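Report on one structure; see the data block that follows.
The values are calculated or read from the model by the stated rules, or taken from the named source; none is laboratory data. Because the structure is predicted, anything quoted here is derived from the model rather than measured. Note: ideal-geometry Cβ built from the backbone for every residue, glycine included; neighbour counts use all protein chains shown. Quick note on the areas: whole protein, heavy atoms, side chains included, nothing else; ligands and nucleic acids left out. Shrake-Rupley method; radii C 1.70, N 1.55, O 1.52, S 1.80 Å.
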Amino acid sequence: MIYQIIALLLWSSSLIAAKFTYSMMDPVLVVQMRLIIAMFLVIPLFLRRWKKIDKPLRKQLWWLAFFNYTAVFLLQFIGLKYTSASSAVTMIGLEPLLVVFVGHFFFKDSAKWFHWLFGALAFIGVAVMINGGQHSEGINEISLLGCLLVLSAGVVFACVLRWTQSVIAKVSAQAYTSVTIVLGTITTFPFTLLLTESWEINLTGYGIAGLFYLAIGCSWLAYWLWNKGLNSVNANLSGILVSLEPLFGILFAVLLLGETLSFSTLFGIMLIMFATLGSTLLPKFLKKSV
């Protein structure tokens, strides 16, 4: 389990590391540079695996690379520019619920009554959190636009999750990761040219460290640790650990960035975390009871 806990610590701290890099370059450039650095780590494996992949699958891999890296990363990092790190990482914590509702509306996986209950509770929490932080300033500001952009990234992730799983089953997780990082780096270039607001780069020690932390720690090492942990950790326990990711992220935001939380903001965040964790634990409790 220690492998998966470390992986979650890395993922939950990614938006905090991103905040450090924003003093150095535009958020869109951060995404592009993060992918470029990660690409150099996996390019040898990509060259070996790409030729062995069937041509019909290659088109799917291009699209999945675009959705999982270009779309998700750009929405998250641009959204983070406008809102606090603690609110952004809380929005990412809604992904388990988003997966359920996307499955209900588009894949005929009917949501249970408790999913609707916890979903309503979570979005009440979002409203309370945003309302409580809109009057803050600086790093503590919580923006509706920023939260919606980060939430949109979660919707994109949830929409392609089943597609991603089916392709991974055909090409292996190792090949999928290396190939999509390279393809995602390429598909991001046009959006970097279009969306970058400032091309000025002011190199700083914290910014450089944050960038390499994002590229190596959050884009490569975390996935390796998580997959390694899956071999020895029950899938149910993994789901519970994922639900706790926002807690780690908020702690990092408070300790490393110095963010403060008003009572209403904290109350909204707690509602969201309760709803996400509850939607994960209650099905297992009901199943055991039956």
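Here is how the numbers come out for the structure above:
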read-out: Those residues of segment 11-33 which are within 14 Å of the chain's Cα centre (by Cα) and either surrounded by 23 or more Cβ atoms within 10 Å (Cβ to Cβ) or over 10 Å from Leu214 (Cα atoms) (or both), in sequence order; value: Ser12, Ser13, Ser14, Leu15, Ile16, Ala17, Ala18, Val31
read-out: Number of the exception - Ser232 against (1) surrounded by fewer than 15 Cβ atoms within 10 Å (Cβ to Cβ); (2) at pLDDT 85 or above; value: (2)
read-out: For Met25: the one exception among (1) touching a residue at least 12 places away in the same chain (Cβ under 8 Å); (2) assigned to a helix (DSSP H, G or I); value: (2)
read-out: Single match in Phe46, Phe67 (criterion: out of contact with any Leu (no Cβ under 8 Å at 6 or more places or on another chain) and open to solvent by 50 Å² or more (accessible area, probe 1.4 Å)); value: Phe67
read-out: Residue identified as at pLDDT below 90 and either within 30 Å of Glu141 (Cα to Cα) or in contact with a strand residue (DSSP E or B) (Cβ under 8 Å, 6 or more places away or on another chain) (or both) among Phe191, Phe263; value: Phe263
read-out: Of the criteria (1) at pLDDT below 80; (2) open to solvent by less than 80 Å² (accessible area, probe 1.4 Å); (3) in contact with a Leu (Cβ under 9 Å, 6 or more places away or on another chain), which one Pro246 fails; value: (1)
